[in-house]
Amino acid sequence: MMSVKSASKSATDRVLIDIDQGIATVTLNRPDKYNGLDMPMFDAITRAAKRLKKERQVRAIVLHGAGDAFCSGLDVKTVSQNPVNFLRLLAKPGRKISNLAQDVGYLWRDVPAPVIAATHGYCYGGGFQIALGADFRFTTPSCEFSIMESKWGLIPDMSLTVTLRELIAIDLAKELTMTARTFNGEEAKAMGLVTRVSRDPLAEAYEFARELAARSPDAIAASKLLFNRTWSATDKVALDWETRLQKKIIARTNQRIAVAKNTSEPDRAYQDRRSL
């Protein structure tokens with residue numbers, strides 16, 4: 001197992017990355033503060049996403065929090081100690097699509113490997129927006145969620161406007177944002193905000209990650225990109241992306257391996273259909 005830690009001394013151990021047999025575990029590691037987001041945490045999460053985007057051996061990613069919570073959101077007290085911090089979080093230099101505050105959630109969408117967030121304890125504010133940036137969210141029934149920014153007189157600004165609209169209706173998004181109310185994992189599932197509810201979401205996340213890692217990495221990465229680029233697109237754009245991505249993976253090595261693997265084994269589903 002390979003363990004990689006952030007190189008910056010100020011962000012030492014804020015985020016841990018372990019890669020084992022193609023599955024990367026990303027651990028938010030500030031448990032004494034419920035993994036609250038201070039500036040070193042913002043930097044470390046961003047670096048982790050950028051690094052894993054380039055790791056070709058990574059087939060799936062499990063993202064979770066150490067200790068008693070996934071992430072309690074922005075550490076308002078610590079970040080507010082220096083007003084320059086807010087300028088740094090919201091600055092968008094050059095032609096970047098996202099700023100540092102948005103990067104912690106948005107950049108996971110650019111990682112080719114599927115990202116599974118396993119949440120427990122608290123998943124508030126910025127923590128919730130990090131989880132929304134993942135492709136899948138597994139949670140405990142009792143995990144507490146909240147779009148909490150309005151409690152502090154703010155609006156959500158860590159990429160939620162991109163990720164939340166893919167999951168729920170606009171009126172519900174407004175309600176959750178304006179009220180900052182807390183809801184548990186069961187209600188989150190009923191609203192479509194999480195993928196699975198489990199007593200052990202981390203274990204289920206690893207099981208699912210192993211299932212994904214056994215598939216063609218080209219097909220998995222292309223599937224992720226396909227839906228991210230087309231979910232709110234016009235028919236023409238969506239159909240163009242289908243063709244564009246299929247041309248990139250068809251007849252390539254990983255596609256040929258998938259065909260060989262599946263044609264060498266009895267097709268149980270096909271046999272069952274033939275027997276009807």
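Couple of notes before you dig in:
- Of the residues making up region 212-235, those that are free of Cβ contacts under 8 Å to residues at least 40 places away in the same chain, assigned to a helix (DSSP H, G or I) and either within 25 Å of residue 106 (Cβ to Cβ) or not assigned by TED's automatic domain parsing to the domain that holds residue 257 (or both) are 218, 219, 222, 223, 226, 227, 229, 230.
- Matching residues, region 205-220, being among the acidic types (Asp, Glu) and surrounded by fewer than 19 Cβ atoms within 10 Å (Cβ to Cβ): 207, 211
- Considering 76, 115, 162, the condition of being modelled with pLDDT under 95 and either touching a Phe, Trp or Tyr at 6+ places or on another chain (Cβ under 9 Å) or small (Gly, Ala, Ser) (or both) is satisfied by 76 alone.
- Filtered residues of region 162-208 (kept if closer than 16 Å to residue 135 by Cβ, charged (D, E, K, R) and not in a helix (DSSP H, G or I)): 196
The values are calculated or read from the model by the stated rules, or taken from the named source; none is laboratory data. Computed from a predicted model, the values in this text were never measured in an experiment. So basically every Cβ, Gly included, is an ideal-geometry build from the backbone, and we count neighbours across all protein chains shown.
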